[in-house]
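All of the numbers you see were taken from the coordinates with simple rules; none came from a lab. Not measured: the values here are computed from a predicted model. All Cβ positions, even for glycine, are placed from backbone atoms using ideal geometry, and neighbour counts span all protein chains on display.
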Amino acid sequence: MAHLHQLNEEQRAAVTAPLGPVRVMAGPGSGKTKVLVARVAELIQTHGISSSKLLAVTFTNKAAGELQERLSNMLGWKASRVWACTFHRQDLTTDLLRKLVKAEQPDLTAADLTATASQLMHNISTVKCSMTTWHAAMPKARADLFRRGAQRVFFIENSEEERRWVEDLVCWFERHMLVDEFQDTNTPQYELVRLLTLPQGNLFVVGDPDQSIYEWRGADMDNMTCQLKIDYPDIQTFILKNNYRSSERIVQTASALISANKDWGRARMQAQRPLGNHIIDVMAYLRLVVGLRDELALLRVINTPRRGIGDTSVDKLLEYAKRMGATLPSLLFGSPLEPGMASASGSSSSSLPPFPAGKQLGLTPKAAESVKHFRQLIVRLRDIASNSSLEDTLAAIVNEVVTAMPLLACCLCGLKVW
């Protein structure tokens, strides 16, 4: 299975875990979202679950967009049927409200049902934002219905009888739910997850209790460290401890800082990207900038640092280049010139050849835009190399592609940090 090829042993174990509740505790740079995306592919390709029955939830629109893009790169058209959204996306709440209204008013047409649910969502928002009463926010004749619905869905002053009513209401929800950054859930969000996944227990969560940063708005990391085990006694737990983002020194420093946090059974993070790897990356950039012919160097740096050109996008570029009888460097940059030389037509080394549209290459719009920016970056660095010393060229590469690494900048460029 292609979705398993890029996973380490720990990640693979989490992705291929049997159906049922799964908890992945993962530190920074350990591939949390990568594991979640691979789990979606695993559910579809190995377990035969329809992509339309998968709900992947995160906290920000940006994160949801990145999640959808990764799914598109891995699954193609099937990704469009996966419900990838935030907890606050109106579709998620409106769908529940539509079911509630149907139970209250079974004779409504489909159009009226949707309109009534949307109106209920609007009224709930009005009450919350204006700090007014239900009767002041909507027509009196419908206020009782709306208030009853809000109580049942949002657990406002609800009795045990009403809570059981909500549980019966959402039993129709036969989706498999996956949640990113689970350590940031608050009590209502956790309750929603619980109601949507029990008793079937089709839940897969990833997160890092040491990165819980939303306590100010009610986030409770105990939802991940303690409450899940209570509500899902048979939950399977996996811990990812390999950090692929930072050097050993950074990982050691971070580990020392978080060791004072509440102990939830964390494993010591292990750096898999030492300083030497960053130096190799910079040298690969240099080889590419100077010659534009080195395909190995190009493959190493095309998504380093990450810029949205994942393995699937690279495979599509390689496949297109092969069909055209070209190498990947020549596809991206044309026939290389020596730095500073002009072609017979007088164009400089900074000119770029025409490039196929992203759709023609099979790339997503975001990946196509990232490829465009990468091509421009390499040409910009090449122009610097044409008119500058090796030291200045290295400094430009470090400045462009390496962040938060003053030690590396000093080593390569002869700078001093006082």
| Tell me, what HN-Hα J-couplings in whole Hz come from the Karplus equation 6.51 cos²θ - 1.76 cosθ + 1.60 at θ = phi - 60° for each residue of the range 371-386, using x for Gly and Pro? | 4, 4, 5, 5, 4, 5, 4, 5, 5, 5, 5, 5, 5, 5, 4, 5
| query | Among the trypsin sites (Lys or Arg not before Pro) within the range 276-324, which fall in a DSSP loop and have no more than 10 other Cβ atoms within 10 Å of their own Cβ? | reply | R306
| message | Please arrange Y320, Y244 by how many other C-beta atoms lie within 10 Å of their C-beta, fewest to most. | response | Y244, Y320
| How far, in nm, would the chain grow between A63 and S80 when pulled straight, counting 0.36 nm per residue and subtracting the alpha carbon separation? | 4.5 nm
| Amide H within-cut-off set for A84, under 5 Å, with H built and near neighbours excluded | A56
| task | Could you please rank T225, T197, placing first whichever residue has the fewest other Cβ atoms within 10 Å of its Cβ? | result | T225, T197
| What pairs in K32/K366; K53/K372; K34/K229; K32/K316; K34/K372 have C-alpha atoms more than 27 Å from each other? | K53/K372
| request: Could you compute the FRET efficiency for I213 and S50, with r as their C-beta to C-beta distance and R0 at 25 Å, rounded to 0.05? | output: 0.10
